[in-house]
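All remarks here apply to the structure that follows.
The values are calculated or read from the model by the stated rules, or taken from the named source; none is laboratory data. Quick caveat, the model's predicted, so the values are computed rather than measured. In this analysis, Cβ positions are derived from the backbone assuming ideal geometry, glycine residues included, and neighbour counts consider all displayed protein chains. Surface accessibility is based on the protein's heavy atoms, side chains included, excluding ligands, DNA and RNA. Shrake-Rupley method; radii C 1.70, N 1.55, O 1.52, S 1.80 Å.
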Amino acid sequence: MTQTNRATTQTIALWLALLVATTLVLLVVRAELDKAHVALAYLLIVLGSSSAGGRILGLSIAGGAFLAFNYLFLPPYYTLVIANPIDWLVLVAFLITSIVAAQLLYRANVTADTATRRAEEVDRLAMQPQLWWLWRSSFATHWGLTAANFFASTLMGSWCMQRPPRDMLT
């Protein structure tokens, strides 16, 4: 088993164990809990698992929490039958919120990864003035020379405002 697979397996096992532990704690105090308490506790687990393990793990934990919520915390207990029609609203709202939260967290992580890669590219270009001028000239043709000069002066410092060699300008 590779290091990545081991880490992924450990992450999945950790969040499943956390779901089971939370369920057991909630089950002990079920008489004092409202449906909102259970939904919020499970939603925290879904958010954490989505953050740590990605969209697939988050949605899987959401599905498991959905089933546990219905089976253990909505009367009649220990069945997947829902007696009160309002409980359908609570259960469906929980499921939709979990799915949307997992998806939004996934998008935020993807956006952050993309921004990190772009920042690393800018840093790499900043260390190589010839490539910087090439990137700057392509940026200038698309967004305008003013914007390129602004980014050149603010992001890269005074050295990049020097004129490039003549062969780079054509």
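Structure notes:
- Net length gained if the chain between SER51 and THR116 were fully extended (0.36 nm per residue, minus Cα distance): 21.7 nm
- Modelled this way, with points 7 Å down the Cα-to-C-beta line, the labels at LEU40 and ALA108 are 1.8 nm from one another.
- Rolling a 1.4 Å probe over the protein chains gives ILE99 an accessible area of about 80 Å².
- Judged by the mean number of other Cβ atoms found within 10 Å, the most tightly packed of the peptides 85-96, 112-123 leads the ranking 85-96, 112-123.
- With the highest mean first, a sort of the peptides 62-75, 30-43 on other beta-carbon atoms found within 10 angstrom per residue produces 62-75, 30-43.
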